[in-house]
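Have a look at the structure below, then the notes.
The values are calculated or read from the model by the stated rules, or taken from the named source; none is laboratory data. Given the structure is predicted, the values throughout are model-derived calculations rather than measurements. Cβ placement follows ideal geometry from the backbone for every residue including glycine, while neighbour counts extend to all protein chains displayed. Note: areas computed on protein heavy atoms with side chains; ligands, DNA, RNA excluded. Shrake-Rupley method; radii C 1.70, N 1.55, O 1.52, S 1.80 Å.
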Amino acid sequence: MTGILADRAIGELFGQERLKAEAMLDHDQIQPASLDLRLGSKALRVRASFMPGKNSRVADKLERLTLHEIDLSQGAVLETGCVYIVPLMESLDLPDGLSASTNPKSSTGRLDIFTRVMVDYAQEFDKIPAGYKGPLYLEISPRTFPIIVRRGSRLSQIRFRDGQALLSDAEMLALHEAETLVASETPNISGSGIALSIDLKGTGPEGLVGYRGKHHTSVIDVDRKAAHDLLDFWEPLYSRGRNELILDPDEFYILVSREAVHVPPLYAAEMTPYDTLVGEFRVHYAGFFDPGFGHAAAGGSGSRAVLEVRSHEVPYILEHGQIIGRLVYERMTERPQALYGSGVGSNYQAQGLKLSKHFRLP
């Protein structure tokens, strides 16, 4: 059966040495439909982002482009506005027919850390061709907050795909009618995606609708939960009955979908990072939704999609209920042994508007 590999099959890849790691796996590293990737022991600051290209290894270009090598064994600060390349602890020896894709983890996206994976001879980021054999590298560029990372920090995740798994529009409509993928009586399905709209009415008496990242903050340790005061890093945004928000270029926003999202156990979902048909803005960095997200039996009733939003070039007005992104759904090869939210250390099940796990309420 074609589809996205579940946790059991990911574990078997290690047993078959199709997946290799420099150190023993963390106990929660394998997720229902993905594997967290870990940083290696050094970061290389480079002059600019680059693509290896079909004739080059990543290491060959790093020899020419590296400005400085940083030891991550005891932790180090990565500054905003800089580009770093980190060899990962995991490497691949994929069989023919098994490809992979990568995305930032949810917490990574909510910190506005731009990451993407590169492999040797690649002509696309975050896409790993079937049969690839070789190392993995992570490009990291903090956009809003400087961060502390170390060997073993987990900023990105990988999914493995056997054949074609994407649902067609007709298949997605049938699944929505059976399982309610988004809490909408009139779903907007096109281009193999189902639309999500923005909530700008908010919660509470003033209508909290989101947060805007502050500039010139202290550093965030990516491995520490609830270690930072929310108001030191974020400006709360309120509707005050206007039900709209003007996005300023070069600002980073955390917003939330109006609809609850549901990913049934036999499916995985991904949000498209931007769709120029609905506006010149990026709505998501971390695109993976694991099986069981928003699933009632896994404690996920009412889970909404948190959106990491940046406008491009010009100010842009968002209005309540406006379409802001689309989810695509893919089949799993089998039901995962553990669903998202069911004992796998999930931080964002049953979420509404929620910042990353690193912040505590004042």
In debye, nearest 20: dipole of the chain around its Cα centre with unit charges on the Cβ of K, R (+) and D, E (-)?
640
Give me the percent of the accessible area of the chain that comes from carbon and sulfur atoms, probe 1.4 Å, all protein chains in place.
47
Taking 8 Å as the Cα distance limit and 6 or more residues as the minimum spacing, I'd like the relative contact order of the chain as a percentage.
20
Note, region 108-114: 3J(HN,Hα) by Karplus (6.51, -1.76, 1.60, θ = phi - 60°), whole Hz, Gly/Pro = x, goes 5, x, 6, 9, 6, 9, 7
For region 116-177, one quarter of the surface area of the C-alpha convex hull, expressed in nm², comes to 7.4
Of the candidates Gly15, Leu25, His176, the farthest towards the positive dipole end of the chain (Lys/Arg Cβ +1, Asp/Glu Cβ -1, centred on the Cα centre) is Leu25
Heavy-atom accessible area per residue, region 60-191, 1.4 Å probe: how many Å²?
41
Which residues' amide hydrogens lie under 5 Å from the amide hydrogen of Tyr238, considering only partners 5 or more residues apart or on another chain, with H built in the peptide plane?
Val209
The lysines whose Cα lies under 23 Å from the Cα of Lys54, excluding any fewer than 8 residues away in the same chain, are Lys127, Lys133
Once phi is turned into θ = phi - 60°, what whole-Hz ³J(HN,Hα) does the Karplus curve with 6.51, -1.76 and 1.60 give for every residue of region 137-153, x standing for Gly and Pro?
10, 10, 7, 10, 9, x, 9, 10, 10, x, 10, 9, 10, 8, 4, x, 4
Hey, if you put +1 on the Cβ of every Lys and Arg and -1 on every Asp and Glu Cβ in the chain, which of Val256, Ala338, Pro142 ends up farthest toward the positive end of that dipole?
Pro142
Probe 1.4 Å, protein heavy atoms only - accessible area per residue of region 211-258 in square angstrom:
51
Taking the dipole about the Cα centre of the chain, with the C-beta of Lys and Arg at +1 and of Asp and Glu at -1, give me whichever of Tyr121, Leu307, Ser190 is farthest to the positive side.
Tyr121
What is the calculated FRET efficiency for Glu319 to Ala227, with r their C-beta to C-beta distance and R₀ = 30 Å, to the nearest 0.05?
0.25
Between (i) 138; (ii) 272; (iii) 162, which entry matches volume of the Cα convex hull per residue in Å³ as derived from the coordinates of this structure?
(i)
Please sort by residue number the GluC sites (Glu not before Pro) in region 155-236 whose DSSP state is loop and whose Cβ has at most 11 other Cβ atoms within 10 Å.
Glu185
Estimated dipole of region 103-183 in Debye, rounded to 20 [Cβ of Lys and Arg +1, of Asp and Glu -1, Cα centre]:
680
Got a sec? Which residues in region 320-334 would a label at Glu244 touch, if it sits 7 Å along Cα→Cβ and we count backbone N under 13 Å?
320-322
Heavy atoms only, probe 1.4 angstrom, no DNA, RNA or ligands counted: give me Asp26, Asp112 ranked by accessible area, highest first.
Asp26, Asp112
When the helices in the chain are scored as -39500 (n - 2.57) per DSSP H run of 4 or longer and the sum is shared across all residues, what 222 nm value do you end up with, to the nearest 500 deg cm²/dmol?
-2500 deg cm²/dmol
Reported to the nearest 10 Å², Met89 has, with a 1.4 Å probe, an accessible area equal to 10
So, how do all the Cα-to-Cα distances of region 70-133 break down into 10 Å bins, in percent, from 0 on up?
17, 44, 30, 9
Taking all pairs of distinct Cα atoms, average 1/r, flip it, and tell me the Kirkwood hydrodynamic radius of region 1-107 in Å to one decimal place.
16.0
Could you work out how far the C-alpha centroid of region 1-65 sits from that of region 67-125, in angstrom?
8
